[in-house]
Amino acid sequence: PCFGAVRYDVSSGKYTKIKVFNSEGRDISESNEQLKIFSDRTDGNRFYGFGDEGQLYISRDKGESFYQLRTPDNFPKCRMSGFDGFKGGEIRFLPDKKGVCLAALMEHGLWKLSFDDAVTAERITDESDYVKAVGFGKGDNDNTPAIYISGRLFGEYGFWRSFDNGESWARFNTDEQMDGQITSMDGDFRKKGRVYFATGCLGAFYGEIHK
C-alpha cells in the first residue's frame, strides 16, 4: 500500500517516505491504494509504479515522488500490483530501452507499455489470449531479444517463445511438460534457448530449447 512505500538510499543509509500523487494531483501517499514499483534499466533517475486498477505512475527523481500518468482508453483497468503468488500478472522492463516494458495481464493478454509524459500501450496478443508470465532472453540478434510467455495462445495452453517482438510465436513444451502452476518465468541473455521457471508446487527450475 502507498502508506507503506519507502525509499532507501544506499549512500546515506536512510529511509524516506515516498510521495504518490494521483491524476488529479492529490497526495495519496497515506492511502491504502496499492503500488508496485520497478526501476528503469537505463536511467537511474526514473522509476515506475503500477496500481490495482490499471493505474500507471512515473518518478523522475530517483523514486522520491510518483505521479500518475494518463493511460489510453483501450488499456484494461486490471490489477497490476501485488507480489509473489498474489500478483495480478508479470511485468518485465527491457534491459536496453528507457521506459519500455511488457506486461502479462492474465485474461487481458500481453501488452507493451512505453512511459513518457503519457503512456503508449499496445496489445501484442489477440483478445482471446491469456498470458500469465513473461520474460526476455537471448534472441537471434542483439537488437531483438527473445520473448518467453506462459499462457494460452491460439486456444492452446503452453510455454511460448517469439524472436520477432510478438509477431509470431512457437510453443516449446509438450503436453507432458506443463510443470504445474507457473508463477514467473524469464530467459537468459547469456545463452540462447535457456529459460527459467518459478512454479507454485515444483520449485524453481530451468530448461533449454535445442531447436
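Computed values, structure above
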quantity	calculated
Apportionment of accessible area to carbon and sulfur, region 1-81, percent (1.4 Å)	46
Segment GLN177-GLU208, length gained on full extension (0.36 nm per residue, minus Cα span)	9.9 nm
Protein accessible area in region 152-211, 1.4 Å probe - carbon and sulfur %	51
Solvent-accessible area per residue for the chain (1.4 angstrom probe, square angstrom)	53
Out-of-range pairs (alpha-carbon distance over 25 Å; input LYS17/LYS77; LYS97/LYS191; LYS14/LYS62; LYS87/LYS192)	LYS17/LYS77; LYS87/LYS192
Potential lengthening between SER128 and SER114 on full extension [0.36 nm per residue; Cα-Cα distance subtracted]	2.7 nm
ASN45/ASN141 FRET efficiency (R0 25 Å; Cβ-Cβ; nearest 0.05)	0.25
Shape call, the chain: gyration tensor on alpha carbons, a/c limit 1.5	prolate
Calculated FRET value between GLU53 and ASN74, using beta carbons and R₀ = 22 Å, to 0.05	0.90
Shape of region 102-194, Cα gyration tensor, a/c cut at 1.5	oblate
Student exercise, the chain dipole from Lys, Arg, Asp, Glu Cβ charges, in Debye to nearest 20	600
Length added when fully stretched, ASP96-ASP61, from 0.36 nm per residue minus Cα-Cα	10.6 nm
Sequence ranges 3-13, 149-159, ranked by mean other-Cβ count within 10 angstrom, highest first	149-159, 3-13
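The values are calculated or read from the model by the stated rules, or taken from the named source; none is laboratory data. Being a predicted model, the structure only gives us computed values, none of them experimental. Using ideal geometry, Cβ is built from the backbone for each residue, glycine included, and neighbour counts are taken over all protein chains shown. For accessibility, only protein heavy atoms count, side chains too; no ligands or nucleic acids. Shrake-Rupley method; radii C 1.70, N 1.55, O 1.52, S 1.80 Å.
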